[in-house]
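Single-structure report; data block below.
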Amino acid sequence: MFPSRRSFLALTGGAAATAAIYGFSAAPAWAEPRFPRNPFTLGVASGDPAPDGVVLWTRLAPEPQAADGLGGMPPYQVQVVWQVATDPDFRAVVKAGTETAAPELAHSVHVEVAGLNPSSDYWFRFRVGSEESPAGHTRTAPAPGSDPGKITFGLASCQSWAGGRYAAYRTMAQEDLDLVVHVGDYTYEGRNHETLADFRNNHAKYKSSPDLQAAHARFPFVVTFDDHEVENNWAGGVSQPDNEASNEPQRFLQLRANAFQAYYEHLPLRRPQRPTGPDMVLYRALDYGSLAKFHVLDTRQYRSDQLTENFPGGPQHPDVYDPSRTLMGDAQEQWLFNGLSSSTARWNVIAQQTMMAQYDYDPTETLSVNHDQWDGYVVSRNRLTNFINQQNPANPVILSGDWHAAFVNDVLLDHSDPASKVVTTEFVGTSISSGCGWAQAIKDGLPANPHTRYINPDKRGWTRCTVTADEFRSDYIIVPSAADTTSPAAVDASFVVRNGRPGAVRV
Ligand code: FE
Ligand code: CA
């Protein structure tokens, strides 16, 4: 018997093919979905641009804080229609299809669109039943090996919930950026967060911000997590020892699995990043033609446990030189070295979480450092700085977050020798909104850190990075008040790294 035309289309459409390949949903289909209100309450997003496509994201959640974590959706799989156009009015739709939104993934949708043109602007939107999403804008990466002349991107991190408004994102959304790189603390865990529903509803709360939604609707994001998407200062399979909810190893791994799944469900990530239980491959590289290669790291999931919890710093633990310790894990470290060796890009941007350069909090003889950052893993830092020094990859630049304070650092080959050469440059972005209660300690330590060219621990904001063949420029953008939507943006300081000359120069 021949299938009717209607069921034939359903069987051969993109959604049916997806379900067959990935086979993740056991839920029955909801053929004619109806909603009490528009289910696109969390906005839309795009991410991980390639020369020929991006991943498009949304999640159906008519009641985003529903106690079961399912956003007010019934336990059915639903077909979501998507469209990509070359104009904001969708007169010229160039790609369209359907994707399954399933309860197993909280009715999130991740559409990997291919067949688009490089370095091009696109607009996208979703439809389910009679409900339509807001439109998003995105931009593909340059053609392989081509020189785009210039790329501009935003660096963001640490967006502690500030009641829904983010002045930093509001100012960012007014710019024309090729992408946004987010290096972690996208959400902050609650004290008792443990279940999948806990983590889903926390993401849904953050995603309710109109300013965060506006930034996602305007630019593709490239994201990696730090600690607070899971738990403060987690390290590999080890929870913070003082967290009663998770200090049993198996219980922490389940918490980590829940946190990873909710993270994946709420961000525009590709299928290789979909977690399997407590494991998630988040490190990956993105090429922007011959101009830049982004090496995106995960320095949480594979790290050795912290040696001490002294805060913001404490006397350097002798085991920071123990060669068995690692910040990236052996596989990721080798992947990074291979990626740097084989890169043909002018700039090698290493986007990662915690501050890499040494920072001494004690202006006297004693060295006082933070052991959650690369200072607690000096052996790992030295492997990387020695690799850069010996293999000479083109223009490595380090991007960091985590510390809720802006820094510009010259990273030395060996920070135990202040006369050691500069091998790379680090731009630490300030937080979008998270406070810096240790600002005075940072200021007090500054005289002990001559390789640190700039600090600003007092202001929130984001960093605008502009990359050309000649220089990598970082503009440190601050807002007077993190949650005041009338706050105008101001550039507090600008630094460049010149082609072939590691080290920051103030402009
Ligand atoms: Fe943070
Ligand atoms: Ca952090």
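The values are calculated or read from the model by the stated rules, or taken from the named source; none is laboratory data. Computed from a predicted model, the values in this text were never measured in an experiment. Every residue, glycine among them, receives a Cβ derived from its backbone with ideal geometry; neighbour counts consider all protein chains shown. Accessible surface areas use protein heavy atoms only, side chains included; no ligands, DNA or RNA. Shrake-Rupley method; radii C 1.70, N 1.55, O 1.52, S 1.80 Å.
For segment 290-373, GluC sites (Glu not before Pro) are listed when DSSP marks them as loop and at most 10 other Cβ atoms sit within 10 Å of their Cβ; the list is E365. Local charge for L212 was computed over the other residues whose Cβ lies under 12 Å away, with Lys and Arg +1 and Asp and Glu -1, and equals +4.
Report the net charge of residues surrounding A345, where surrounding means a beta-carbon distance below 12 angstrom and charges are Lys +1, Arg +1, Asp -1, Glu -1. Once all neighbours under 12 Å are counted, the net charge is 0.
With K and R counted +1 and D and E -1, the other residues having a Cβ less than 10 Å from that of K421 yield a net charge of -3.
A 1.4 Å probe over all protein chains sorts V78, V422 by accessible area into V422, V78, starting with the largest. Karplus-derived 3J(HN,Hα) values for segment 161-169, using 6.51 cos²θ - 1.76 cosθ + 1.60 with θ = phi - 60°, are 4, 10, x, x, 9, 10, 4, 4, 5 Hz; glycine and proline are entered as x. Normalised per residue, the accessible area of segment 427-506 is 39 Å², obtained with a 1.4 Å probe and no contribution from ligands, DNA or RNA.
Could you tell me what percent of the accessible area of segment 345-420 is made up of carbon and sulfur, with a 1.4 Å probe and every protein chain present? Spell out each step's value before the answer.
Details: 840 of 1980 Å².
Within segment 345-420, the accessible surface is 43 percent carbon and sulfur.
In terms of solvent-accessible area of protein heavy atoms at a 1.4 angstrom probe, what is the ranking of F337, F225, highest value first? Don't jump to the answer; show the numbers that get you there.
Numbers: F337 25, F225 0 Å².
Sorted by accessible area, descending: F337, F225.
Using the Cβ-Cβ distance between T344 and Q390 with R0 set to 25 Å, the FRET efficiency works out to roughly 0.85. Per-residue ellipticity at 222 nm computed for the chain from its helices equals -5500 deg cm²/dmol, with DSSP H segments shorter than 4 residues left out and the rest contributing -39,500 (n - 2.57). Between the amide H of D185 and those of C158, D226, D227, H228, E229, distances stay under 5 Å, these residues lying 5 or more places away or on another chain, with hydrogens modeled in the peptide plane. Going 7 Å from the Cα of K421 toward and past its Cβ, which residues in segment 493-507 have a backbone nitrogen under 15 Å from where you end up? Within reach of a label on K421: 500-503.
Run the numbers for S120 and D319: contour at 0.36 nm per residue of separation, minus the present Cα-Cα distance, in nm.
Numbers: separation 199, 0.36 × 199 = 71.64 nm, distance 4.94 nm.
Extending this stretch completely gives an extra 66.7 nm.
About its Cα centre, the dipole of the chain is roughly 1640 debye, where the only charges are +1 on Lys and Arg Cβ and -1 on Asp and Glu Cβ. In sequence order, segment 413-424 has phi-based couplings of 3, 9, 5, 6, 10, x, 8, 4, 6, 7, 10, 7 Hz under the Karplus curve 6.51 cos²θ - 1.76 cosθ + 1.60, θ = phi - 60°, and Gly or Pro positions carry x.
In the complete set of protein chains, residue-level accessible area for W30 is approximately 50 Å², probe 1.4 angstrom.
Mind checking the full-extension length gain between D492 and D176? Use 0.36 nm per residue of separation minus the Cα-Cα distance, one decimal, nm.
111.8 nm
Expressed in Å, the radius of gyration and Dmax of the Cα atoms of the chain are 22.6, 86.
Applying the Karplus relation 6.51 cos²θ - 1.76 cosθ + 1.60 with θ = phi - 60° to segment 294-302 yields 3J(HN,Hα) values of 9, 9, 9, 9, 10, 9, 10, 6, 10 Hz, where x marks Gly and Pro.
Whenever you get a sec, compute what percent of the accessible area on segment 185-272 sits on carbon and sulfur atoms (1.4 Å probe). Kindly include the intermediate steps, with their values, before the conclusion.
On the way: 1340 of 2870 Å².
Answer for segment 185-272 is 47 percent, counting heavy atoms of protein chains only.
Using heavy-atom solvent-accessible surface (probe 1.4 Å) with all chains present, what is the largest-first order of Y321, Y361, Y263?
Details: Y321 100, Y361 25, Y263 0 Å².
Order by accessible area, largest first: Y321, Y361, Y263.
Residues whose amide H lies under 5 Å from that of T425, counting only those 5 or more places away or on a different chain, are I398, V411, G503; hydrogens are built 1.01 Å from N in the peptide plane.
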